[in-house]
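Asker: Got a structure here, written out as structure tokens. Questions coming.
The values are calculated or read from the model by the stated rules, or taken from the named source; none is laboratory data. Bear in mind the structure is a predicted one, so any value in this text is a computation, not a measurement. Cβ placement follows ideal geometry from the backbone for every residue including glycine, while neighbour counts extend to all protein chains displayed. Heads up: the accessible areas ignore ligands, DNA and RNA and are worked out on the full protein's heavy atoms, side chains in. Shrake-Rupley method; radii C 1.70, N 1.55, O 1.52, S 1.80 Å.
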Amino acid sequence: MVARSSEVRPTAVRHSASSRAGGRRGRRAGRLAGLGFSGAALLVLLTGCDVGAAFGGFGWPQGGITPEARRMYDLWIASCIAALAVGFLVWGLIFWCIVRYRKRGNELPVQTRYNLPMEFLYTIAPVLIVSVLFYYTAVVQTDVVKTTNNPDVTVEVVAFKWNWQFNYRDGQGVDAETTASVLGTSEVIPILVLPTDRSIRFEETSRDVIHSFWVPEMLFKRDVFPGSIRNVFQVSELQTEGAYVGRCAELCGSYHAFMNFELRVVSPENFDRFLAAKQGGASTQEALTSIGEEPYAITTRPFETRRDESNFNPDTAPAGTGS
Ligand SMILES: [Cu+2]
């Protein structure tokens, strides 16, 4: 829309009349902006790495147990802080404009158009912000999905309706051999025992439909596909011993919600003893007991499937034949 000439006051006249005042205002605005940024920087320094914790992780799950999880968490927290800094700047400018240029009479304020420096700024600034976010996202993502050829432990995750099998392998790929195995049932939650301080490669495959392997404390999940697709990911180490619930994160059928398992992180020495006991023929529960661990899952429990002769395909198949 083109404004009538009477609505546009010549900016050059105003400029000469108010250049000194504008300069003072500019310096004051600069000081204020500097003060704001210093305050924000001081806040970050004072609270250190707890900025995320102070704000509940800005909605991101906390308590990651792998370096990869912590890197993703840090990226999220830094992105949130950057977004908030831009947000406060924009909100501040909006409110400043509302107050500074509120209607004081019938005279129109200076109509500013085709301000090239301004247009250049609000085109370049978002491109720069997105580029920086993209760069750090690409760096973290590349790091998180990185695999190596010589992990310390390789475990094959086999998903099926509706449970898990974990196979400890002597190498990588489909041609490697399983040296020990943990199989979940409707009565016993499968426990995936893994060591701290060692790199671990997960190789995923499904027997039927798409599932998803998810341990929330890894802050990472990956789909498990049937057929020849073998999804692989790796963690450089598990940093904290303990028991962590694992879930299927893909709606895979009627009993999807029952596909829980437990990740039990133990010391490398105990892991070696556990694996030796399994390879010697012990059950998972016996092997866990032998290293002083609880034999059954402590973070979740088997669900009552309520499957019996009266409700499991009563007209078409005897109970227990599956679908
Ligand atoms: Cu599933």
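Asker: With θ set to phi - 60° and the Karplus curve 6.51 cos²θ - 1.76 cosθ + 1.60, what are the ³J(HN,Hα) couplings of the stretch 86-96 in order, to the nearest whole Hz, using x for Gly and Pro?
Answerer: 5, x, 5, 4, 5, 4, x, 5, 4, 5, 4
Asker: Follow-up question, since we're still on this one. Just in the stretch 105-210: which chymotrypsin sites (Phe, Trp or Tyr not before Pro) are loop by DSSP and have at most 11 other Cβ atoms within 10 Å?
Answerer: Of the chymotrypsin sites (Phe, Trp or Tyr not before Pro), the ones in loops of the stretch 105-210 whose Cβ has at most 11 other Cβ atoms within 10 Å are Tyr114.
Asker: Can you check how the C-alpha radius of gyration of the stretch 264-308 compares to 2.2 N^0.38 Å, as a plain ratio?
Answerer: In units of the globular-protein estimate, the stretch 264-308 measures up at 1.40.
Asker: Give me, ordered by chain and number, the residues 5 or more places off Arg222 or on other chains with an amide H under 5 Å from its own placed amide H.
Answerer: Answer set, sorted by chain and number: Phe213.
Asker: How much accessible surface does Thr112 have with a 1.4 Å probe, in Å² rounded to 10?
Answerer: Estimated to the nearest 10 Å², Thr112 gives 100 Å².
Asker: Mind checking the stretch 145-209 for GluC sites (Glu not before Pro) that DSSP puts in a loop (not H, G, I, E or B) and that have at most 13 other Cβ atoms within 10 Å?
Answerer: Of the GluC sites (Glu not before Pro), the ones in loops of the stretch 145-209 whose Cβ has at most 13 other Cβ atoms within 10 Å are Glu177, Glu187.
Asker: With no solvent and one equal point scatterer placed on each C-alpha of the stretch 124-246, evaluate the Debye formula and give log10 I(q)/I(0) for q = 0.21 Å⁻¹, two decimals.
Answerer: At q = 0.21 Å⁻¹ the computed log10 ratios are -1.31.
Asker: In what sequence, largest accessible area first, do Met72, Met218 appear using a 1.4 Å probe?
Answerer: Numbers: Met72 30, Met218 5 Å².
The residues order as Met72, Met218, largest area first.
Asker: Pop out the ³J(HN,Hα) list for the stretch 109-124 in order, Karplus 6.51 cos²θ - 1.76 cosθ + 1.60 with θ = phi - 60°, rounded to Hz; leave Gly and Pro as x.
Answerer: Here the 3J(HN,Hα) series is x, 4, 8, 9, 9, 6, 8, 4, x, 5, 5, 4, 5, 7, 9, 6 Hz.
Asker: For Ile200, Ile298, what's the largest-to-smallest order of accessible area, 1.4 Å probe?
Answerer: Output order, biggest surface exposure first: Ile298, Ile200.
Asker: HN-Hα J couplings of the stretch 70-76 from phi, Karplus 6.51/-1.76/1.60, θ = phi - 60°, integer Hz, Gly and Pro as x?
Answerer: Calculated HN-Hα couplings, in order: 5, 5, 5, 4, 4, 4, 5 Hz.
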